[in-house]
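K.L.:
Attaching a single structure in structure tokens format; questions to follow.
The values are calculated or read from the model by the stated rules, or taken from the named source; none is laboratory data. The structure displayed is predicted, hence computed values, not measured ones. When we count neighbours, we look across all protein chains shown, and the Cβ atoms used for this are built from the backbone with ideal geometry, even at glycine. All accessible areas refer to the heavy atoms of the entire protein, side chains included, with ligands and DNA or RNA removed. Shrake-Rupley method; radii C 1.70, N 1.55, O 1.52, S 1.80 Å.
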Amino acid sequence: MSIPTISLSQSRATLIAAIRDACLSHGFFQLTDHSIPTSLQSSLFGQMATFFSRPVSIKLHSTKQDHIEGGYEEFRKYSLETGRGKPDLNEGFAIGPAFVKNQWPDETVYPELSGFRKTCESYYAAMHSMAREVGGLIAEGLGLAKDYFEEYFKDELAHVRLIHYFRPDTVAEETEEIGAGAHTDWTLITLLLQDQIGGLKVQYKDTGEWLDVPPTPGAYVVNCGDLLARFTNGVYVSARHKVLAPPKGLHRYSVPYFSDGNPEYVVDVLPMGSEWKEWVGDRKGEVPKAERLWEPVTAGDYFQSKWLESASGGNVENGLGLGA
Ligand SMILES: O=C(O)CCC(=O)C(=O)O
Ligand SMILES: [Fe+2]
């Protein structure tokens with residue numbers, strides 16, 4: 001059993017149906033034959049390796065100042081698994097849209113980082129278009145117009161997060177350590193690029209089994225987030241996933257694009273089209289209010305509440321920011 005791999009170069013109808021099946025079963029799939037250039041992916045990985053290899057004191061100069069901004073996020077800053085009580089073994093660099101403050105490293109002071117900002121901005125723009133494209137395919141699969149989510153994507157407060165996972169010397173090899181604790185994403189969809197190290201696992205809702213998401217060069221791992229689950233009243237799966245810490249000496253790099261939406265957008269059960277009937281059996285038509293699983297929420301409020309939960313210490317007994 002593994003998550004499906006779906007090629008973007010097939011007939012639109014087949015593609016839409018394949019994505020819908022994946023959203024209904026695993027909530028995860030890999031997308032191949034997309035239009036993101038390999039050269040952009042490799043320059044991004046190159047820039048990430050250079051940035052994260054700088055001393056912490058330098059990286060701290062570009063520390064992110066609040067939840068919507070971009071910038072450096074220290075090792076062990078977050079704990080994604082509610083109640084696990086331990087911080088995740090990763091550091092990151094968040095990139096927000098141009099209308100928020102991004103704490104870029106000063107490339108005149110650190111010439112080794114020249115091109116970092118430009119590469120990150122190109123990558124962000126490419127991911128925003130890809131998210132809109134995938135959003136269109138998902139909308140059509142729900143029997144809605146292709147541009148149904150346009151208002152959601154307009155002035156979207158999405159973030160790309162450059163992530164660097166490693167096991168510090170102080171953490172024994174034999175301990176089972178977690179790079180990112182089990183969680184669901186807070187997004188409509190997430191588009192993730194991962195390197196060849198592996199360690200990402202997704203829980204299959206029917207059996208509880210943890211399935212590997214095997215590294216596939218250049219492919220995007222796409223998953224449904226909590227907002228897509230809310231839009232579909234829980235029919236599309238926002239699956240739990242986690243990342244194991246790499247073995248000592250190995251470094252894993254991954255890059256999710258979190259489609260968190262326009263902060264003002266109200267997320268509520270969709271007016272599902274006629275096809276909804278055919279593929280969801282007895283849950284047909286517009287889902288009656290009495291059966292709704294969640295109350296409407298703005299995308300911005302949802303993002304803020306989840307961010308505070310993972311960063312405030314809510315998931316870690318003695319607070320966060322413990323440093324490496
Ligand atoms: O690094 C990965 O493979 C996944 C990261 C992730 O799930 C997250 O940051 O939400
Ligand atoms: Fe995630």
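K.L.:
I'd like the FRET efficiency for Glu151 and Thr175, computed as 1/(1 + (r/R0)^6) with the beta carbon distance as r and R0 of 41 Å, rounded to 0.05.
P.N.:
0.30
K.L.:
When ligands, DNA and RNA are left out and all protein chains stay put, how many square angstrom of accessible area per residue does region 5-313 have with a 1.4 Å probe?
P.N.:
Per residue, region 5-313 has 41 Å² of solvent-accessible surface.
K.L.:
Let me know the charge dipole size of region 5-313 about its Cα centre in debye, to the nearest 20, where only the beta-carbon of Lys, Arg (+1) and Asp, Glu (-1) is charged.
P.N.:
Around 240 debye, computed over region 5-313.
K.L.:
Here's something else I'd like to know. Greater than 18 Å separation of Cα atoms is the criterion. Which listed pairs, Lys77/Lys306; Lys205/Lys306; Lys64/Lys101; Lys205/Lys242, meet it?
P.N.:
Table pairs above 18 Å Cα-Cα are Lys205/Lys306.
K.L.:
Next question, about the same structure. For region 84-150, which whole-number percentage of the solvent-accessible area (1.4 Å probe, protein heavy atoms only) is attributable to carbon and sulfur atoms?
P.N.:
51 percent
K.L.:
May I pose another question? What residue among Val134, Val109, Val171 shows peak mean-square fluctuation when the chain is described by a Gaussian network model with Cα springs under 10 Å?
P.N.:
Largest GNM mean-square fluctuation: Val109.
K.L.:
Taking the DSSP beta bridges in the chain as the whole, what percent of them are antiparallel, to the nearest 5?
P.N.:
Bridges in the chain are about 90 percent antiparallel.
K.L.:
Follow-up. How much net charge surrounds Ala239 when only the other residues with a Cβ under 10 Å from the Cβ of Ala239 are counted, with Lys and Arg +1 and Asp and Glu -1?
P.N.:
+1
K.L.:
Using the Cα atoms of the chain to build a convex hull, what is its mean projected area in square nanometres?
P.N.:
With the hull built on Cα positions only, its mean projection is 16.3 nm².
K.L.:
Same structure, new question: What is the sum of charges around Val221, taking Lys and Arg as +1, Asp and Glu as -1, for the other residues whose C-beta is under 13 Å from the C-beta of Val221?
P.N.:
-2
K.L.:
Here is a follow-up. Can you list residues whose amide H is under 5 Å from Asp88's amide H, if they're 5+ apart or on another chain and H is modeled 1.01 Å from N?
P.N.:
Hits under the 5 Å cutoff: Tyr78, Ser79, Leu80.
K.L.:
For region 168-257, what log10 I(q)/I(0) values come out of the Debye formula at q = 0.12, 0.24 1/Å, with one point per alpha carbon and no solvent?
P.N.:
-0.41, -1.26
K.L.:
If you don't mind, there's one more thing I want to ask. So if we plug the beta-carbon distance of Thr119 and Ala17 into 1/(1 + (r/R0)^6) with R0 = 25 Å, what FRET efficiency do we get, rounded to 0.05?
P.N.:
0.10
K.L.:
Starting from the alpha-carbon convex hull of region 84-227, give the projected area averaged over all orientations, in nm².
P.N.:
One quarter of the hull surface, i.e. the mean projection, equals 11.8 nm².
K.L.:
Once fully extended, how much extra length lies between Thr63 and Asp206, figured as 0.36 nm per residue of separation less the alpha-carbon to alpha-carbon distance?
P.N.:
47.4 nm
K.L.:
While we're on this one: Cα gyration tensor of region 54-162, axes a ≥ b ≥ c as square roots of the eigenvalues: rounded (a/c below 1.5), prolate (a/b > b/c) or oblate?
P.N.:
It is oblate, given that a/c is not under 1.5 and a/b is not larger than b/c.
K.L.:
How large is the helix-only mean residue ellipticity at 222 nm for the chain, computed as the sum of -39500 (n - 2.57) over DSSP H runs with n ≥ 4, divided by its residue count, in deg cm²/dmol to the nearest 500?
P.N.:
Roughly -8500 deg cm²/dmol at 222 nm, from the helical runs in the chain.
K.L.:
Quick one: grab the alpha carbon gyration tensor of region 29-89, order the square roots of its eigenvalues as a ≥ b ≥ c, and give me rounded if a/c is under 1.5, else prolate or oblate depending on whether a/b is larger than b/c.
P.N.:
It comes out oblate by the Cα gyration axes.
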